[in-house]
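The values are calculated or read from the model by the stated rules, or taken from the named source; none is laboratory data. Note that the structure is predicted; figures quoted are calculated from it, not measured. SASA here: full protein model, heavy atoms, side chains in, ligands and nucleic acids out. Shrake-Rupley method; radii C 1.70, N 1.55, O 1.52, S 1.80 Å.
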Amino acid sequence: DLRVYVGLADPEREALAPEFIAAMESAGVDHAVLVPLGRWDRYVSETIRAHPGRFVAIGLYDHDDPDDLAEVGRRHRTTPLSGLRFYGLGAERGQAATDLACFPVLRYMAEHGLVLWFYGDAVQIAVLDEVLALLPDLRVVFNHLGFLPDIHVEMRVDAHRRPHFNEIGRAHV
């Protein structure tokens, strides 16, 4: 469930490259990773090409409208993506890695040096372990330590626009 959280990803928070670069410069940041909130890579591609060496891009893999292999190849050829962000692998408990709808995409990523930017719960991480045994060249970045909120977690955004998670009906650890 890719919900838009009020205060964290509001449409009016859109930041265009010139504003972002100005903020980077004022903070002494030379390089950044651009990650769009959807599969629309055009602006990210234009920004990277306009500012060579300044940015890398991670595209989004949408399990609700999954990229087939041809579409991933097209995106990879036309947009200088360094990888794809996955919110889990779409795995069910006990599912074999090779039975994942996204397994051909993961194989393509391993073969072409694309990084899997990953969020996942325990079920997804268990399947990822099997994926990595089958695709040892696949590089993985665990976003936010791999934390993926599930239905038992409620997120709120504080006054500084930082996300905070509260577990619902579970004891805090």
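Key figures
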quantity: Residue-span extension gain [TRP40 to GLU92] - 0.36 nm each, minus C-alpha spacing; calculated: 15.9 nm
quantity: Sulfur and carbon atoms: percent of accessible area, the range 60-141 [1.4 Å]; calculated: 50 percent
quantity: Accessible area in square angstrom per residue, the range 13-121, 1.4 angstrom probe; calculated: 53 Å²
